[in-house]
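Participant: First the structure, then my questions, so here it is.
The values are calculated or read from the model by the stated rules, or taken from the named source; none is laboratory data. Please read all numbers here as calculations on a predicted model, not as lab measurements. All Cβ positions, even for glycine, are placed from backbone atoms using ideal geometry, and neighbour counts span all protein chains on display. Heavy atoms of the whole protein, side chains included, go into the accessibility calculation; ligands, DNA and RNA do not. Shrake-Rupley method; radii C 1.70, N 1.55, O 1.52, S 1.80 Å.
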Amino acid sequence: MQGRRLATTDELIAIVSPDSDETLERLADWTDEHGIELSTVDVGDDIGGVYDENRATLGVTLGGDGTFLEGIKTFAPRNVPQLGVNTGTLAFLARVEPEDLEDALDETLRGRAEVDSRQQIHVDAPGVDATGINDVMVQQVPPENPIDRKVTRLDVYADDEYVGEFEGTGLAVSTPTGSTGISLSANGPVHYPVNNHTLQIVPLHTHKLGVRPIVVSPETELRIVTQGQASLLVDGGRAHTILSGDDEIVVTGADKLAHVVRTSYDDHFFTAITKKLGWDIRDAEVPPEKRLEQRSTAKSSRRESKGFVERALTVATEAAEAAGEPLCELHGQVESIDQKTDKSDIVTEADHQADRIITTVIRNEYPNHAVFSEESTRQYGTDTDYTWVVDPLDGTGNFAHGNPNYSVSIGLVENGEPIIGVVYVPETGELFTGIAGEGAWRDGDPIATTDRDRLDESMLISGYDPDGLFLSHFYQESRGVRRLGSAALNLCYLASGSADAVWEHDTYPWDIAAGLVIAREAGATISDENGDPFTFSLETGDRSALLGSNGTLHPALLEHMEDGIQSPTQ
Ligand code: IPD
Ligand code: CA
Ligand code: CA
């Protein structure tokens, strides 16, 4: 999977072009059948009156690429994922054909569609402050007298470096999505747009044949200075102006990405290119569709032969990453906090959103497994060997106060034993994973605990420590005791060596199911407060104390804990 999964959909907003009535009727039937609310607006109209930011909205455009671009202008600033149905003619962006509408939506509703985050471009110039998904063109204004000069000169700077003077009919700066448009016709390269955030500058009708397209990062600030009158067009004129000499245009990657929904009913990128641009680089004897079919069969049989555990790890990773996106978006802007048992036991809308995403992904993939989540169902394996144990947001206190130390924790428990752990840190993108008996990794690289054996050289982490006992017992004895705020992540720090030991006075099973696998696989010793092996249990859902260390430090830690540090059940 290249993008994140689109896991939940509460409502649909459709932007509808003229001549899409038949497709709109089918869309309305489909939403009726599925009990999903549908609002429609005409192209160019605002969705402000129907959009509710607290609901998981899917944006749909019915039209061609023009309508899709209008959709991007409307949906991207609100982070609404967008599915384009092509009721127009030639379309690169609206890639679902009307006959596939219901199937593509079914797939999306089941949480099987992907969302590609596409780079956008931002343009700031006199009279224009705009964002586009395709390109920016700076062009010569045709002279009144046709025999007058028809070239323009533009000085271009990348950050503080002077690139040079571009002479021709102008230049285009395009995103990967826009690379198949005007810049292609000026000999620019085609960019495969998935996870590609570069921008490219392409000279138009240049007289200097040695000048080639230049690729820059989205952070690069491109400054284009006009030497005379020039027209500026964003996304084919969706924003435009006429500039004078010495005007400055600043082009850079936009902060907001556009979220494009892809289903298996979209043409693959290179199939679309082959069909639409008449490329002739595939084996003529094997039709492109046939070759694609062979490739995807080979791919899926590879997947089937992959073990259950690898697949489950992939699903858990996708679910955690999908939940991470709204968490990042909501981080630092929590509006309402609900108290559960006491003032430090809190939950926010973000916890629920992340929970809905994770449980939808898991249930779609494993309808027969049990799900035990802090924020929703508390099933555990009576009819199945497998239970998914989920803390959709571990570290809600930090999250609600805008602190980045929080995580998403998903563990898979087989007959009572955690066998897979995924802990994802949305703010840093770090991904900790573990498979019982196979190892533990951070971002795919193996991790291990430290081998430090001196307490006075060790860094300890404490979880909830109500009377400060752990702190008072160890602060003077060690290099430091840190209190960070996400139990799942604390175990990952132990696993990856940035802490030598971890103490949790009272964890719930969802706090630690994933972290346990990761820490144990990295070589950690995990016990209760007395040094007896830690028992993971969902039966009572009770809290328990946990002492984790690199192993060598365990005896020294237990010795210091003898007087007075106890679990909540004692
Ligand atoms: C909490 C955090 C915290 C730990 C608490 C947990 P939550 O989880 O993991 O570090 O000390 O015991 O309840 O409520 O943010 O999911
Ligand atoms: Ca938790
Ligand atoms: Ca939680």
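Participant: If a residue must be assigned to a loop (DSSP other than H, G, I, E, B) and away from ligand 1 (no atom under 11 Å from the Cβ), how many such residues does the stretch 486-513 contain?
Facilitator: Taking the stretch 486-513 and keeping what is assigned to a loop (DSSP other than H, G, I, E, B), we get 486, 497-500, 508.
When the remaining residues are screened for being away from ligand 1 (no atom under 11 Å from the Cβ), the result is 497-500.
Qualifying residue count, the stretch 486-513: 4.
Participant: Also, I was wondering about something else. Does the stretch 429-457 hold any residues that are basic (Lys, Arg) and surrounded by 15 or more Cβ atoms within 10 Å (Cβ to Cβ), and which are they? Quick ask: steps written out before the conclusion?
Facilitator: Narrowing the stretch 429-457 to residues basic (Lys, Arg): 442, 452, 454.
Residues satisfying the conditions are Arg442, Arg452.
Participant: Right, another one. Restricting the search to the stretch 458-482, which residues are open to solvent by less than 80 Å² (accessible area, probe 1.4 Å) and within 19 Å of Gly497 (Cβ to Cβ)?
Facilitator: Within the stretch 458-482, Ser458, Met459, Leu460, Ile461, Ser462, Gly463, Phe474, Ser478, Gly480, Val481 qualify.
Participant: Is at least one residue of the stretch 378-395 at pLDDT below 95, within 16 Å of ligand 1 (Cβ to nearest atom) and either within 14 Å of Ala513 (Cβ to Cβ) or more than 25 Å from the chain's Cα centre (by Cα) (or both)?
Facilitator: Yes, some residue in the stretch 378-395 is at pLDDT below 95, within 16 Å of ligand 1 (Cβ to nearest atom) and either within 14 Å of Ala513 (Cβ to Cβ) or more than 25 Å from the chain's Cα centre (by Cα) (or both).
Participant: Give me a count of the residues in the stretch 398-428 that are surrounded by fewer than 20 Cβ atoms within 10 Å (Cβ to Cβ), closer than 25 Å to Ser537 by Cα and within 16 Å of ligand 3 (Cβ to nearest atom).
Facilitator: Selection size over the stretch 398-428: 0.
Participant: Okay, next question. Say whether the condition of being more than 30 Å from Val215 (Cβ to Cβ), touching a helix residue (DSSP H, G or I) at 6+ places or on another chain (Cβ under 8 Å) and polar (S, T, N, Q) is met by at least one residue in the stretch 74-97.
Facilitator: Taking every residue of the stretch 74-97 in turn, at least one turns out to be more than 30 Å from Val215 (Cβ to Cβ), touching a helix residue (DSSP H, G or I) at 6+ places or on another chain (Cβ under 8 Å) and polar (S, T, N, Q).
Participant: Only one residue in Ala76, Ala7, Ala14, Ala56 is over 24 Å from Ala350 (Cα atoms) and either touching an Asp or Glu at 6+ places or on another chain (Cβ under 6 Å) or hydrophobic (A, V, I, L, M, F, W, C) (or both). Which one? Give the steps one after another, and end with the answer.
Facilitator: Values: Ala76 fails: over 24 Å from Ala350 (Cα atoms); Ala7 fails: over 24 Å from Ala350 (Cα atoms); Ala56 fails: over 24 Å from Ala350 (Cα atoms).
Step by step, each of Ala76, Ala7, Ala14, Ala56 is checked, and only Ala14 is over 24 Å from Ala350 (Cα atoms) and either touching an Asp or Glu at 6+ places or on another chain (Cβ under 6 Å) or hydrophobic (A, V, I, L, M, F, W, C) (or both).
Participant: Further question: Can you name the residue in the stretch 349-395 that is among the acidic types (Asp, Glu) and touching a helix residue (DSSP H, G or I) at 6+ places or on another chain (Cβ under 9 Å) and, of all such residues, is farthest from ligand 2 (Cβ to nearest atom)? Spell out the reasoning first.
Facilitator: We begin by selecting, within the stretch 349-395, every residue among the acidic types (Asp, Glu); these are 349, 351, 355, 365, 374-375, 383, 385, 391, 394.
So of that shortlist, the ones also touching a helix residue (DSSP H, G or I) at 6+ places or on another chain (Cβ under 9 Å) come out as 349, 351, 355, 365, 374-375, 391, 394.
Working: Glu349: 17, Asp351: 9, Asp355: 12, Glu365: 23, Glu374: 6, Glu375: 10, Asp391: 4, Asp394: 4 Å.
By that ranking, first place goes to Glu365.
Participant: Return the residues of the stretch 381-397 that are part of a loop (DSSP other than H, G, I, E, B), touching a strand residue (DSSP E or B) at 6+ places or on another chain (Cβ under 7 Å) and away from ligand 3 (no atom under 12 Å from the Cβ); say none if nothing qualifies.
Facilitator: To start, the set of residues in the stretch 381-397 that are part of a loop (DSSP other than H, G, I, E, B) comprises 381-385, 395.
So of that shortlist, the ones also touching a strand residue (DSSP E or B) at 6+ places or on another chain (Cβ under 7 Å) come out as 381, 384-385, 395.
Residues satisfying the conditions are Gly381, Thr384, Asp385.
Participant: It is to be established whether one or more residues within the stretch 160-168 are among the aromatic types (Phe, Trp, Tyr) and closer than 30 Å to Ala322 by Cα. Let's see the steps before the verdict.
Facilitator: If we filter the stretch 160-168 for residues that are among the aromatic types (Phe, Trp, Tyr), which is where we start, we get 162, 166.
Still in the list and also closer than 30 Å to Ala322 by Cα: none.
Scanning the stretch 160-168 turns up no residue that is among the aromatic types (Phe, Trp, Tyr) and closer than 30 Å to Ala322 by Cα.
Participant: Let me ask you something else. Hey, among the residues in the stretch 366-380 that are open to solvent by 40 Å² or more (accessible area, probe 1.4 Å) and without any contact (Cβ under 8 Å) to a residue 60 or more places away in the chain, which one's nearest to ligand 3 (Cβ to nearest atom)? Lay out the reasoning, then the answer.
Facilitator: Kept after step one, since they are open to solvent by 40 Å² or more (accessible area, probe 1.4 Å), are these residues of the stretch 366-380: 367-368, 376-380.
Okay, now just the ones that are also without any contact (Cβ under 8 Å) to a residue 60 or more places away in the chain, so 367-368, 376-377, 379.
On the way: Pro367: 24, Asn368: 25, Ser376: 11, Thr377: 14, Gln379: 18 Å.
In this case the residue turns out to be Ser376.
Participant: Checking the conditions here, which among Ser264, Ser231, Ser217, Ser244 is out of contact with any Asp or Glu (no Cβ under 6 Å at 6 or more places or on another chain) and under 12 Å from Val136 (Cβ atoms)? It would help to see each step written out before you state the result.
Facilitator: On the way: Ser264 fails: under 12 Å from Val136 (Cβ atoms); Ser217 fails: under 12 Å from Val136 (Cβ atoms); Ser244 fails: under 12 Å from Val136 (Cβ atoms).
Exactly one of Ser264, Ser231, Ser217, Ser244 is out of contact with any Asp or Glu (no Cβ under 6 Å at 6 or more places or on another chain) and under 12 Å from Val136 (Cβ atoms), namely Ser231.
Participant: Then there is this: Name the one entry in Leu83, Leu93, Leu101 that is at pLDDT 90 or above and closer than 22 Å to Asp135 by Cα. Show your work before the answer.
Facilitator: Working: Leu93 fails: at pLDDT 90 or above; Leu101 fails: closer than 22 Å to Asp135 by Cα.
Matching residue, one of Leu83, Leu93, Leu101: Leu83.
Participant: Might you let me know whether the stretch 549-556 holds any residue that is in the same structural domain as Leu469 (by TED's automatic domain parsing), farther than 13 Å from Cys492 by Cβ, assigned to a strand (DSSP E or B) and modelled with pLDDT of 95 or more?
Facilitator: As a first pass, look at the stretch 549-556 and keep what is in the same structural domain as Leu469 (by TED's automatic domain parsing): 549-556.
Next, from what is left, pick out any that are farther than 13 Å from Cys492 by Cβ: 549-556.
Then drop every residue that is not assigned to a strand (DSSP E or B), which leaves 549.
So of that shortlist, the ones also modelled with pLDDT of 95 or more come out as 549.
Yes, that holds for at least one residue.
Participant: Check off (1) at pLDDT 85 or above; (2) of a type in the set (D, E, K, R); (3) surrounded by fewer than 16 Cβ atoms within 10 Å (Cβ to Cβ) for Glu321 and give me the number that stays unchecked.
Facilitator: For Glu321, the exception is condition (3).
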